[in-house]
Amino acid sequence: MKYDINHEYVSISSQTAKHRIILIHGWGADAEDLLPIGQEIIEISNVDFEVLSLKAPSLHPNNVGRQWYGLYPPDWNKADDEVDQLLRSLRMLGTCNIPLEKTILLGFSQGGAMAIDVGCKLNVGLIVACSGYAHPNWEPNEKCPPILISHGLMDEVVPISASKYIYQKIKNVSHKFCELNEFDGYHQIDPNLIHSINLKIKELF
């Protein structure tokens, strides 16, 4: 199914899906980057998911891949604008056959920052933030959706302290599920993440 939203995307479509996974790639990647993660979730969970992997709007400074906003130096005003644009797209998707409550929002690195910021403003089923960080203006509230945070202990791109900060901020205001999974790795997706996601899918969906 094609959706008229503010973002380009690639997808793994399903005419019968009752659940959705939305993937938000990192700085310098592209929409295809996280599609294998979506496919793995479908295969291990045995749930009929539709997968949409969104494409960031701007070209990366090196002309390879995309970015949600500039990082060197960080353009936080642009980040706020892109959060607003993403909110519009997700709210629109939430009115199209699959509600946000049946949606997993998964982001990596810069995409993790976007997922945390946007997801905490929406009633999504689950947020998965991989090697992410918090935007300066981000403030969680007691209505935050369930959140699974994953971060490599040896990450030199985004230090694990960034995820610890997110975890503590959420735990201070919300009693909903929030888990921080630390793993022996660098700036990457934990090979065991799919298993952790599957456990939450069985519980939540």
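Read-outs: derived from the displayed coordinates by stated rules, not from any lab. Source: prediction; values computed, not measured. All Cβ positions, glycine included, derive from the backbone under ideal geometry; neighbour counts span all protein chains shown.
Failed condition for residue 150, given (1) in contact with a His (Cβ under 7 Å, 6 or more places away or on another chain); (2) within 18 Å of residue 29 (Cβ to Cβ); (3) touching a residue at least 40 places away in the same chain (Cβ under 8 Å), with all others met?
The single condition residue 150 does not satisfy is (1).
Taking only the stretch 79-120 into account, find how many residues are charged (D, E, K, R) and either in contact with a strand residue (DSSP E or B) (Cβ under 8 Å, 6 or more places away or on another chain) or more than 21 Å from residue 162 (Cβ to Cβ) (or both).
Pass one, the stretch 79-120, residues charged (D, E, K, R): 80-82, 84, 88, 91, 101-102, 117.
With either in contact with a strand residue (DSSP E or B) (Cβ under 8 Å, 6 or more places away or on another chain) or more than 21 Å from residue 162 (Cβ to Cβ) (or both) added as a condition, the list becomes 81, 84, 88, 91, 101-102.
Within the stretch 79-120, residues that are charged (D, E, K, R) and either in contact with a strand residue (DSSP E or B) (Cβ under 8 Å, 6 or more places away or on another chain) or more than 21 Å from residue 162 (Cβ to Cβ) (or both) number 6.
Against the condition in contact with a His (Cβ under 8 Å, 6 or more places away or on another chain) and farther than 23 Å from residue 188 by Cα, how does residue 80 come out, does it pass?
Yes.
Looking at (1) part of a loop (DSSP other than H, G, I, E, B); (2) surrounded by 15 or more Cβ atoms within 10 Å (Cβ to Cβ); (3) not aromatic (Phe, Trp, Tyr), which one does residue 16 not meet, given that it meets all the others?
Here residue 16 clears every test but (2).
Kindly indicate the residue of the stretch 19-62 that is of a type in the set (D, E, K, R) and not in a helix (DSSP H, G or I) and also nearest to residue 94 (Cα to Cα) among those meeting that condition.
The residue in question is 20.
Only one of 143, 176 is in contact with a Pro (Cβ under 8 Å, 6 or more places away or on another chain) and not in a helix (DSSP H, G or I); which?
Numbers: 143 fails: in contact with a Pro (Cβ under 8 Å, 6 or more places away or on another chain).
Only one candidate qualifies: 176.
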